[in-house]
1. Where does helix 155-165 land angle-wise versus the long Cα axis of the chain, in degrees 0 to 90, nearest 10?
2. With respect to the cross-link table entries Lys49/Lys318; Lys16/Lys97; Lys49/Lys203; Lys49/Lys139; Lys49/Lys81; Lys16/Lys139, which display a Cα-Cα separation exceeding 23 Å?
3. Taking the Cα centre as origin and putting +1 on Lys and Arg beta-carbons and -1 on Asp and Glu beta-carbons, what dipole magnitude results for the chain, to the nearest 20 debye?
4. Find, to one decimal place in angstroms, the Kirkwood hydrodynamic radius of the range 254-407, where the mean of 1/r is taken over every pair of different Cα atoms and then inverted.
5. Helix 174-184 against the longest principal axis of the chain: what's the angle in degrees, Cα atoms only, rounded to the nearest 10?
6. Could you compute the FRET efficiency for Ala51 and Val336, with r as their C-beta to C-beta distance and R0 at 41 Å, rounded to 0.05?
7. Rounded to the nearest 10 Å², what accessible area does Lys81 have for a 1.4 Å probe in the complete protein model?
8. When only DSSP loop residues count, what GluC sites (Glu not before Pro) in the range 321-372 have their Cβ near at most 11 other Cβ atoms within 10 Å?
Amino acid sequence: MKADVVVGIQWGDEGKGRVVDALAGRYDIVARFGGGDNAGHTIVVGDQKLALRIVPSGVLQTRPELFIGGGTVVSLEGFIKEIEMLAGIGVDVRRIKVSDRAHVVFPYHGALDLINEAARGGAALGTTGRGIGPAYTDKTARSGITFADLHDGSFAEKLRVNITAHGGRLTDQVEATSKLLPRVLPHVVDGVEYLHGALEGGKRLLIEGAQGSLLDIGYGTYPYVTSSHTIAGGACIGLGIGPTQIGTVAGVAKAYCTRVGAGPFPSELHDDVGTRLRERGAEFGTVTGRPRRCGWFDAVAARYAARINGLTSAVITKLDVLSGFERIGVVTGYRVDGAPAAFGAVGEALLDLEVRWFEGWDADLSGCRKMAQLPRAAAAYVAYLEEALGVPIDAVSVGPEREALVVV
Ligand code: GDP
Ligand code: IMO
Ligand code: MG
C-alpha cells in the first residue's frame, strides 16, 4: 500500500490539521515526519477544538495510530502535556507512538533559540522560540540526543557534554529529564520496524507535513525558514521510507496567503485589506499568538511549491474568509527590472508584481458542500487557482469544522 502525503505549500498554517483530520478516518496510521512543537495544527470537531503541536491530526478519528517519525524533534514536556490533554478528553493515548530515531528538544535548545534570535538583532528570524533550530543543529552536528538514547540511558552523559560545550551558561537538565521518562518511554518504538511492519501488513499510511514548503530549509526563503525539510521529499527522510512508497501528494493552500515571523512575502498587504483578511480569517499564530502577516494568493509561489513537492493534487482552505471583498487579487508574476523573474527572486528588493483581479462575492460560503453551491465568482476563483497550481483541486474548505468541506 502506498502512503499519501499532505503538505502545506505556503508559509505554514494552511489548514493542514483540518485536512488531515478530515482524511484520517480512512487510514490506519497518521504520521508526522518533521518539525516539532513549532507547529500548531487546529482541528475542530463539533464543539471540540484542539491545537495539536506534535501528535498527528488523526487523533480525533478512532481508527488510526498516531506516529511521530524519526525526522521530528520533540520536547518531552510538550509531548507529555499534549498526551495528558488528549487523555483528559478521552483519547486512547496508547495509539501514540514515537520513533526511537526522533530527537529530543531540551530546555537548553529553547534557551539557545532565544539567545541566537537576540544576537541577530534586526535580522531576527522571528522563530517560535521552541528550540527547533538548535535541536536540528545538534542533530546535524552529531551531538543530538534521540529517544533511543533516553531508552538505554546514554542520554545523561551526552546531555552533560552538550551543556558543558555551551560554556556552562546552561543548567544541568539530566535530573529533570530522568523524571519525565516514565511518561515518555512507553510510547517509544523502533520507528523503522513499526512503520515498515505496518506497511508490509497492508496498513494504510497518511503522512502529515508540518510548516509550509516556503519554510523548507533548502527550498524556502532562506534564511527565513525553519530548520527541517518540510516538502514532500522530507517525508521519505523523516520516516525512513523510499520515494517508491509514496502514492499521492496533496498540497494545502489558503485561498490567500499568510506568514508569521520575518522574511520575504511579496503579496503581503500592509493596508486595510490586509487587516481585514487578518480579522476575517482570525489570523493569529496558533503557537505564539502573533498576528499573521496577510496578503493575496501568490500564484508564482504556489506553482513553485507544486514543483518542489511533486504535487498530485491540492486542497484550498479558508475560501469563506474571502466573502465580502469587492475584488480579490492574485499575484501572477514577478518582475525584476522589467524582466519576468522566477520564485527565486522572492527576496529581491527590486521585485515588481503582476496582479490579476477577480470579481468578489458576498454570500456566506460556510454551508456549501458541493461546487455547484458556490457563488459563480467563487467557483471561477477556484477554477483559476487550479489552473495556477497545475494540479486538480480535490476539496475546498469553507470553515474550520470537520464537515465544512466542499469535495470536488
Ligand atoms: P495548520 O498549521 O496548517 O494545521 O493550520 P493552523 O491550524 O495553524 O491554522 C489554520 C486556522 O484556520 C485554524 O484556526 C483553523 O481552525 C482555521 N481554518 C482551517 N480551515 C478553515 C476554513 O476553511 N475556514 C475558516 N474560516 N477557518 C479555517
Ligand atoms: P504549522 O505546522 C507557521 C515559522 C516561524 C519562523 C520560522 C522559523 O503550524 O504550519 P522555527 O521556530 O521553526 O525555527 O521558526 O518558521 N514557523 C511557522 N509558521 N506555521 C508553522 O507551523 C511554523 N513553524 C515555524 O514563525 O518564521
Ligand atoms: Mg499552524
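1. 70 degrees
2. Values: Lys49/Lys318 17 Å; Lys16/Lys97 20 Å; Lys49/Lys203 28 Å; Lys49/Lys139 33 Å; Lys49/Lys81 16 Å; Lys16/Lys139 26 Å.
Where the Cα-Cα span goes over 23 Å, the pairs concerned are Lys49/Lys203; Lys49/Lys139; Lys16/Lys139.
3. On the way: 42 positive and 46 negative charges, 69 e Å.
Here the size comes out at about 340 debye.
4. Working: mean 1/r = 0.0621 Å⁻¹.
The answer is 16.1 Å.
5. Roughly 70 degrees, rounded to the nearest 10.
6. Values: r = 39 Å, r/R0 = 0.95.
That pair, Ala51 with Val336, gives E of 0.55.
7. Lys81 has an accessible surface of roughly 150 Å² with all protein chains in place.
8. Numbers: sites: Glu326, Glu348, Glu354, Glu359; in loops: Glu326, Glu348.
Here the GluC sites (Glu not before Pro) that fit, given the DSSP loop and packing criteria, are Glu326.
The values are calculated or read from the model by the stated rules, or taken from the named source; none is laboratory data. Nothing here was measured: the structure is a model prediction, and the numbers come from that model. Here the Cβ is made from the backbone with ideal geometry for all residues, glycine too, and neighbour counts use every protein chain on show. Remember, those area values only see protein heavy atoms, side chains included, never the ligands or the DNA or RNA. Shrake-Rupley method; radii C 1.70, N 1.55, O 1.52, S 1.80 Å.
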